[in-house]
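Report on one structure; see the data block that follows.
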Amino acid sequence: MDTERLEHLSKFIDVDDLMKRCFGRIDFATLILGVLNDSCEADVCELEEALTEANAQRVAKVSHRLKGALANSAAFSLSKKADELSTSAHDSSTSEMSERLVDLRREWDQLAALINDQVTSKS
Amino acid sequence: MTACLRVLVVEDDVVSAKFLENALKHFGYDVDCARNGCEGYDLVRTGRFSMVISDFDMPGMYGDELCRKIREGHRSSYVYFVLLTSHGDTDHIIAGLQAGADDFLVKPFSPDELRVRLRTGERTLSLQSRDVMLFTLANLMETRDNETGLHLERMCEYSRIIADELSQWDNYRNEVDGDYVQLIYLTSPLHDIGKVGVPDRVLLKPGKLTREEFDVMKQHTVLGGKTLAAIAKAHPAERYLIIARDIAMTHHEQFDGSGYPHGLAGKDIPLSGRITALADVYDALTTQRVYKPKFSHEKARGIILEGKGTHFDPDMVQAFLNREDEFIRIANLLDSGTVPPTLLPAIDQLVPALAKC
């Protein structure tokens, strides 16, 4: 992958910040985005499951973890959404958590599609 | 590049763990990762880690709980503990510090911030191990020596005064900074550490030594120098070990090459050796010994002036003269005891100069 392809993610990721965190190493940025793709998808799925069970504690825990992973990957908008979900899990209704999770899922799916298309695909 | 300090990352978020691992390796650390607190605790118990960076919120065991368990374990060496969290609030910080954490990093962490915080940790670990070692060695030496109890304290002070004076001279500014002054203060008590290897029949003999006995006694410089050299070789980044080694090995060298153990001359004698040579002799001259009373500062001053350029580096003598009021103050403040046998030959060599005082 080259930095030009990485720029396609700039709607969701602060590419400059990500590259700085990766010490300018595109290979490491690629690795991180691949790991993020897997772990974030797993966490969003876990959130959906927790919400189905109305397990607010689990929602808070997983969304908090997700917030950190996304922030470190310079996906700041998504990180903020995860943070809001984590906060709402402490003091909000299930419907509000559900709305926030849908919003998070929508944006994550868009980023995941871009990662799959631009970063992890061999073309 | 940092020497290979081993760092344990305890983090359930695989993305953050990867970032940390990569950054730490980039900075030259050895890194291992644990996915939760229990796994992390088991790894800490192996004793291989002097630094832990742990997430706060983890399944099973929280980061503050892990820290508390490590502290309760009373490990033989200190583990520097950094808590990593997305919570920037005071409650979490207080909980972490109460558990014994040394520092905090808030996600998303910047590599630059991580680096300076780790350096702070390294400095803490280094100071701890340094001070423990110096304290232990100095105490060990005191148990084997019949020198006066305050000799080491005076050595620290006299050496510090000379180094401090030199730090203000243009031609020493590059070599002698505040750090050097502090290090010479800390390491000068180790000048005679090699005496631990000198047999009692020689070390503790009252009165004058025979030539053979003095030859044995002279070996204390080599014994001490070699011991500290071995430690310095294992820790090449530790400047204080280099200074301690040089002091132990060369504090009996003389500026004209007539000293021991190697007969080094002039600037071939490390600066720390030239400083402590004067400090050691001044202390010997101004304290009592079995067959002579302590000399006055004026007499000692005359003897040292006589040794300028032969026994002592002229610059050290000048530094001594510039600050002699402080030498007098320290000598009066820490006045006690008798002179060690090690210095008798050096004093005997200098005593003819008394006639000219």
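The values are calculated or read from the model by the stated rules, or taken from the named source; none is laboratory data. Small disclaimer: the values here were computed from a predicted structure and weren't measured. Positions of Cβ are backbone-derived with ideal geometry, glycine not excepted, and every protein chain shown enters the neighbour counts. These area figures cover heavy atoms from the full protein model, side chains too; ligands, DNA and RNA do not enter into them. Shrake-Rupley method; radii C 1.70, N 1.55, O 1.52, S 1.80 Å.
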For segment B:206-225, how many residues are without any contact (Cβ under 8 Å) to a residue 40 or more places away in the chain, under 14 Å from B:H191 (Cα atoms) and open to solvent by less than 50 Å² (accessible area, probe 1.4 Å)? 3
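Please enumerate the residues belonging to segment B:101-118 that are without any contact (Cβ under 8 Å) to a residue 24 or more places away in the chain and aromatic (F, W, Y). Break it down into steps so the answer makes sense when it comes.
Taking segment B:101-118 first, the residues without any contact (Cβ under 8 Å) to a residue 24 or more places away in the chain are B:102-104, B:106, B:108, B:110, B:112-113, B:116.
Passing the criteria: only B:F104.
Being more than 30 Å from B:R119 (Cα to Cα), aliphatic (A, V, I, L, M) and open to solvent by less than 10 Å² (accessible area, probe 1.4 Å): is that true of B:V202 here? Write out each step before concluding.
Values: more than 30 Å from B:R119 (Cα to Cα): yes; aliphatic (A, V, I, L, M): yes; open to solvent by less than 10 Å² (accessible area, probe 1.4 Å): yes.
Yes.
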Total residues in segment B:72-103, condition modelled with pLDDT of 80 or more and under 14 Å from B:F49 (Cβ atoms): 6
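The rows are residues; the columns are (1) buried (at least 20 other Cβ atoms within 10 Å of the Cβ); (2) touching a residue at least 40 places away in the same chain (Cβ under 8 Å); (3) in the same structural domain as B:I193 (by TED's automatic domain parsing); (4) assigned to a helix (DSSP H, G or I).
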| site | (1), (2), (3), (4) |
| --- | --- |
| B:D256 | no, yes, yes, no |
| B:D280 | yes, yes, yes, yes |
| B:K299 | no, yes, yes, yes |
| B:T310 | no, yes, yes, no |
| B:M316 | yes, yes, yes, yes |
| B:A319 | yes, yes, yes, yes |
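When the residues of segment B:100-129 are narrowed to those that are among the aliphatic types (A, V, I, L, M) and under 27 Å from the mean Cα position of the chain (by Cα), which ends up farthest from the other protein chains (Cβ to nearest Cβ)? It would help to see each step written out before you state the result.
Within segment B:100-129, the first condition is being among the aliphatic types (A, V, I, L, M), and the residues that meet it are B:101, B:105-106, B:114, B:116, B:118, B:125, B:127.
Then drop every residue that is not under 27 Å from the mean Cα position of the chain (by Cα), which leaves B:101, B:116, B:118, B:125, B:127.
Working: B:A101: 17, B:V116: 16, B:L118: 15, B:L125: 25, B:L127: 29 Å.
Among them, the one singled out is B:L127.
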Testing A:L85 on (1) surrounded by 23 or more Cβ atoms within 10 Å (Cβ to Cβ); (2) closer than 18 Å to B:V106 by Cα, one condition comes back false. Which one is that? (2)
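Hey, can you tell me all the residues within segment A:20-39 that are among the hydroxyl-bearing types (S, T, Y) and more than 7 Å from every other protein chain (Cβ to nearest Cβ)? Quick ask: steps written out before the conclusion?
Step one: filter segment A:20-39 for residues among the hydroxyl-bearing types (S, T, Y), giving A:30, A:39.
Passing the criteria: only A:T30.
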Select from segment B:226-254 the residues that are open to solvent by 70 Å² or more (accessible area, probe 1.4 Å) and not in a helix (DSSP H, G or I) and list them in ascending order. B:H235, B:P236, B:A237
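Does A:A42 qualify as being within 12 Å of chain B (Cβ to nearest Cβ), open to solvent by 40 Å² or more (accessible area, probe 1.4 Å), of a type in the set (A, V, I, L, M, F, W, C) and within 26 Å of A:D117 (Cβ to Cβ)? Reasoning before the result, please.
Values: within 12 Å of chain B (Cβ to nearest Cβ): yes; open to solvent by 40 Å² or more (accessible area, probe 1.4 Å): yes; of a type in the set (A, V, I, L, M, F, W, C): yes; within 26 Å of A:D117 (Cβ to Cβ): yes.
It is true that A:A42 is within 12 Å of chain B (Cβ to nearest Cβ), open to solvent by 40 Å² or more (accessible area, probe 1.4 Å), of a type in the set (A, V, I, L, M, F, W, C) and within 26 Å of A:D117 (Cβ to Cβ).
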From the set of residues in segment B:260-278 that are without any contact (Cβ under 8 Å) to a residue 40 or more places away in the chain and surrounded by 24 or more Cβ atoms within 10 Å (Cβ to Cβ), which is farthest from B:R329 (Cα to Cα)? B:G273
Hey, any hits in segment B:293-304 for a residue that's at pLDDT 95 or above and either under 20 Å from B:S167 (Cα atoms) or basic (K, R) (or both)? yes
If I ask for residues that are within 14 Å of chain B (Cβ to nearest Cβ) and under 15 Å from A:N116 (Cα atoms), which ones from segment A:1-19 would you list? A:I13
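Which ones in segment B:31-47 are of a type in the set (D, E) and either outside the structural domain of B:V14 (by TED's automatic domain parsing) or over 35 Å from the mean Cα position of the chain (by Cα) (or both)? So that I can check it myself, show each step before the final result.
As a first pass, look at segment B:31-47 and keep what is of a type in the set (D, E): B:32, B:39, B:42.
Answer for segment B:31-47, where residues must be of a type in the set (D, E) and either outside the structural domain of B:V14 (by TED's automatic domain parsing) or over 35 Å from the mean Cα position of the chain (by Cα) (or both): just B:E39.
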Within segment B:7-21, residues being part of a helix (DSSP H, G or I) and in contact with a helix residue (DSSP H, G or I) (Cβ under 6 Å, 6 or more places away or on another chain) number 5
